[in-house]
């Protein structure tokens, strides 16, 4: 799974319609991100793309697309002027979320079944809830905490049995989980109340993270030979599943709390299972169906909000 760092730490909107639109946009983004797992698996297995370089190509291309959109729309980049603290915060955010999280996730997918990585990353809502309560003052409701526990239980039931885990894969996905949580919380802290355009915030942080990811790929892996299909996969992932999806996600997070966004993101567990069934011939069993139900209930509970 992948979570985008939150752009702003706003109090949830008092307008129900705006909150519903934010949820709808976030759900669309998770569907796009879920499809990425299938495309990444094809690129890794069939086109033999090295994982870190593959991730770097995706995010460098996406960053270029975002900057092109910024220029075309004449989105203000320097007004008002950026402080050194703001730029440093976005740089750290880019390293944490793009270099570490996405790089580790690609490595995990390359070394073990996607289901195993999804299981570990499904713990994100629980960890975000705990960290967010301490650092952001977003104290979760009892229903939200119960929902996080149900989500984790559903993930465990869904993937009960042999997961095909590997040592490299588990280490990589654990790093991805920690960085994922840090990116979710850090993004909200760094940009608290600044009102910067989400497009610019995403472009800056993604550029920093992607460039460092590319440097790591060049140092650790051989340059890939890109087939026509690999190029199409990289371009689709960059334009649709990254540039568009992350911008929509950042807009949605203006109205969603850390726990809400993590809960919606956990729907990817269900979506990935469905896409894997259709495209990767990995059908659901009885345990899988029960896990889907539990995760669905858990995600619903994480959307419960305080009244008054």
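What to note about this one:
- Search result, residues across the range 158-169 that are buried (at least 18 other Cβ atoms within 10 Å of the Cβ) and at pLDDT 80 or above: 169
- Residue check, residue 196 within 24 Å of residue 185 (Cα to Cα) and either without any contact (Cβ under 8 Å) to a residue 24 or more places away in the chain or not in a helix (DSSP H, G or I) (or both): yes
- Taking the listed residues 230, 219, the one that is part of a helix (DSSP H, G or I), at pLDDT 85 or above and under 22 Å from residue 97 (Cα atoms) is 219, with no other qualifying.
- Counting only helices (runs of 4 or more DSSP H) that sit completely within the range 240-307, those holding 2 or more residues that are surrounded by fewer than 18 Cβ atoms within 10 Å (Cβ to Cβ) and either modelled with pLDDT of 80 or more or touching a strand residue (DSSP E or B) at 6+ places or on another chain (Cβ under 7 Å) (or both) correspond to 268-279, 286-302.
- Of all residues in the range 141-177, those being in a loop (DSSP other than H, G, I, E, B), touching a residue at least 24 places away in the same chain (Cβ under 8 Å) and more than 21 Å from the chain's Cα centre (by Cα) number 7.
- Residues that are in contact with a helix residue (DSSP H, G or I) (Cβ under 7 Å, 6 or more places away or on another chain), surrounded by fewer than 24 Cβ atoms within 10 Å (Cβ to Cβ) and modelled with pLDDT of 90 or more number at least 3 in the following helices (runs of 4 or more DSSP H) confined to the range 1-117: 16-45, 51-73.
- If you go through the range 222-270 and pick out every residue that is without any contact (Cβ under 8 Å) to a residue 40 or more places away in the chain and under 30 Å from residue 147 (Cα atoms), you end up with 1.
The values are calculated or read from the model by the stated rules, or taken from the named source; none is laboratory data. In this text, all values refer to a predicted model and were calculated from it rather than measured experimentally. Please note: Cβ atoms are built from the backbone with ideal geometry, for glycine as well, and neighbour counts cover all protein chains shown.
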